[in-house]
1. Magnitude of the Cβ-charge dipole of segment 147-263, K/R +1 and D/E -1, about the Cα centre, nearest 20 debye?
2. Which of A137, L126, A173 sits closest to the plus end of the dipole of segment 57-184, meaning its Cα is farthest towards the positive end, when Lys and Arg get +1 and Asp and Glu get -1 on the C-beta?
3. At 1.4 Å probe size, with every protein chain present, just tell me what the per residue accessible area of the chain comes to in Å².
4. Evaluate the charge dipole of segment 1-91 about its Cα centre and quote only its size in Debye, nearest 20, assuming +1 on the Cβ of each Lys and Arg and -1 on the Cβ of each Asp and Glu.
5. How much length, in nm to one decimal, is gained on full extension between L47 and D101, taken as 0.36 nm per residue of separation minus their Cα-Cα distance?
6. List the trypsin sites (Lys or Arg not before Pro) within segment 198-249 that DSSP assigns to loop and that have no more than 15 neighbouring Cβ atoms inside 10 Å.
7. I want to check a number: in the chain, how many lysine pairs have alpha carbons closer than 27 Å, given a sequence separation of 8 or more or different chains?
8. Let me make sure I get this right: for segment 15-75, a, b and c are the square roots of the gyration tensor eigenvalues over alpha carbons, sorted descending. Under 1.5 in a/c it's rounded, otherwise prolate if a/b > b/c, else oblate. Which is it?
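The values are calculated or read from the model by the stated rules, or taken from the named source; none is laboratory data. Values in this document were obtained by computation on a predicted structure and should not be read as measured data. For neighbour counting, all protein chains shown are included, and Cβ atoms are generated from backbone atoms with ideal geometry for every residue, glycine included. Keep in mind that these areas ignore ligands, DNA and RNA; they rest on the heavy atoms of the full protein, side chains included. Shrake-Rupley method; radii C 1.70, N 1.55, O 1.52, S 1.80 Å.
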Amino acid sequence: MMAAEAGAAKNTIAAYRSDLMLASDHLDHRLAGASTADLTRLGEHWLTLSRSSVARKSAALRRFYAFLADEGHRSDDPGAALPRPGAQRALPKTLDHGDVDRLFAAIAARIVRDPPDPNDLRLLALVELLYGSGLRATELVSLPRNAIAPDRPYLILRGKGGRERLVPISDRARAAVAAWRDHVAADRLWLFPSGKTYLSRVRLYQLLKALAADAGIPPERVSPHVLRHAFATHLLEGGADLRALQSMLGHADIATTEIYTHIDSARLVELVNARHPLADAQRRAGAKPRVDVKGQGA
């Protein structure tokens, strides 16, 4: 059902399977027939876990019991007994412009070799697409060999939930991909092949951690998702429209995109001082703005 009806991604299905199997083990393999009391005890067993982990596990099990009830395998739905932790969304980790510059400088230092190592060309293409287009790790590593055309500044991706979106590809990224693709055999299906399939997400993480160390950045601060966050944050800092960013990131709900508006409060204060009609009236009257970009009263 999750694959055929909900259109869930493979990683989502794998996460659901893991949560259901762990719950089944705790319930002595009586998952389908669990009672309300069983699920209450299971929720108590999760008390040591983070709020986000409990929310994910509860969502997976509620979906499971709703499915059983809809299909007539149960006459009741005990999912209401599962905990519903309040929403608490942490600000995404990101990198500043200097960090990103150091990453690209570290790659550039490798590519100046003549001839450049194909692995360094691959790394440049990966980082250009992560930071330049905000791709998810799975979307990136599973790109078909000819997904990015040299004369087309965008590609169409099918992301989470089977939703399609148009992703802009910069001239830099297309040039980096073209240089790397020259080293990919024409009969390979994937842009970033590895063995019989494509580069794994784990290997992508490893490559970025090693690059961060070379750039003098603590490796734990860099990951594919951190570069995606940097893409979004820096676009907003540059004045990007939130709805356009939602489309580029492939978020189903704009509330997910709005979290980036909480990252740079100084920019938001500056925006009010520069664009609000009352601030404009103050400037005409020769008054100082009431709030400066440091967020302190005038």
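1. Numbers: 16 positive and 11 negative charges, 88 e Å.
That gives segment 147-263 a dipole magnitude of about 420 debye.
2. It is A137.
3. Working: 16840 Å² over 298 residues.
In whole numbers, the chain has 57 Å² accessible per residue.
4. Working: 12 positive and 10 negative charges, 90 e Å.
Around 440 debye, computed over segment 1-91.
5. Numbers: separation 54, 0.36 × 54 = 19.44 nm, distance 4.18 nm.
The span from L47 to D101 would gain 15.3 nm if fully extended.
6. Numbers: sites: R201, R203, K209, R221, R228, R243; in loops: none.
Nothing satisfies the criteria.
7. So the count works out to 13.
8. Working: a/c = 1.83, a/b = 1.47, b/c = 1.24.
Prolate, since a/c reaches 1.5 and a/b exceeds b/c.
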